[in-house]
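The values are calculated or read from the model by the stated rules, or taken from the named source; none is laboratory data. Being a predicted model, the structure only gives us computed values, none of them experimental. Cβ atoms come from the backbone with ideal geometry, glycine included; neighbour counts cover every protein chain shown. Just so you know, the surface numbers come from the protein's heavy atoms only, side chains and all, with ligands and any DNA or RNA stripped out. Shrake-Rupley method; radii C 1.70, N 1.55, O 1.52, S 1.80 Å.
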Amino acid sequence: MDYEEFVKRVEKLINLDLSQYKQTQMRRRIESMKDFFKASTYDEFYDMLLKDPKVFEKFFDKITINVSEFFRNPDKFEILKKHILPEILSRTSMPKIWSAGCATGQEVYSLATLLKESGLYDRSIIYATDIDSSAIEIAKKGQYPITESLKGLENYYLSDGKQRISQYFDIGVNNYLTIKEELKKNIYFSTHNLITDDTFNQFSLILCRNMFIYFDNDLQFRGLNIFYESLENSGFLVLGKS
């Protein structure tokens, strides 16, 4: 089979319409995975996906772009902390927040620390969704390799980093950083396809910071309409830097 036929079969296999992602990026991503697994043809690569769960899992993770880190683009979190969260605090007693495309959860937990420090966490409800069930399981567990995790946290917290990090995270257990239970109690993780699944509504804040850059214009437009319908009046939508 050629590339186009491979994509059609994969779409049925994973129940995801790849045609609406930016095709240059998607093709590069698929071909790099084909080369990584040393498949000489698309037939051979497709056969690997069917027979080897580990190959399928790695492939699915790659094409659904599960990239996340703590306090990615820290200037965005400063805007949240100094402007958006105080505004939400002034006008609602129980804000609802949605992190769409939350990947493995670092962004959600970064937000949760800001909510704690703003006095909003205990009366907030946070929905965190992603299309990849394996990413959601990692997010639920809340355990991350310590070296790469501490970098983003220490860069954001600067001089008082270690003291503040220890309030929210257990550091050094089996070389992992683990989210404390008190930071997880108001977060509800679930798998969700933004375009095809039922949506939520009346959110004070929606974050979608690592997904739209991979959509084509039509899918971006549809996604933005879904967010528009899901926000309460004067709600905030926070997108990524790109």
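Listed values, structure above:
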{"read-out": "Label-point separation in nm, residue 176 to residue 62, each point 7 Å along Cα→Cβ", "value": "2.5"}
{"read-out": "Contour minus Cα-Cα distance for residue 166 and residue 123 (0.36 nm per residue)", "value": "13.2 nm"}
{"read-out": "0 to 90° range, to nearest 10: angle between helix 3-14 axis and the chain longest Cα axis", "value": "50"}
{"read-out": "Diffusion coefficient, µm² s⁻¹, Stokes-Einstein with Kirkwood Rh over alpha-carbon pairs of the chain at 25 °C and 0.890 mPa s", "value": "128"}
{"read-out": "Highest-MSF residue in the chain out of 32, 90, 204 [GNM, Cα springs under 10 Å]", "value": "90"}
{"read-out": "Extension gain (nm, one decimal) between residue 27 and residue 13, 0.36 nm per residue minus Cα-Cα", "value": "3.3 nm"}
{"read-out": "Inter-centroid distance (Cα atoms) of segment 221-242 relative to segment 32-101, Å", "value": "18"}
{"read-out": "Within segment 124-138, backbone nitrogen closer than 20 Å to the virtual label 7 Å beyond the Cα of residue 222 toward Cβ", "value": "129-133"}
{"read-out": "Calculated FRET value between residue 91 and residue 52, using beta carbons and R₀ = 45 Å, to 0.05", "value": "0.30"}
{"read-out": "Dipole magnitude (debye, nearest 20) for the chain, charges at Cβ of Lys, Arg, Asp, Glu", "value": "600"}
{"read-out": "Average accessible surface area per residue within the chain, 1.4 Å rolling probe, Å²", "value": "52"}
{"read-out": "Residue of 227, 70, 36 that the Gaussian network model of the chain assigns the largest fluctuation, springs spanning Cα pairs under 10 Å", "value": "36"}
{"read-out": "Computed FRET value (nearest 0.05) for residue 193 with residue 241, which takes r as the C-beta separation and R₀ as 25 Å", "value": "0.55"}
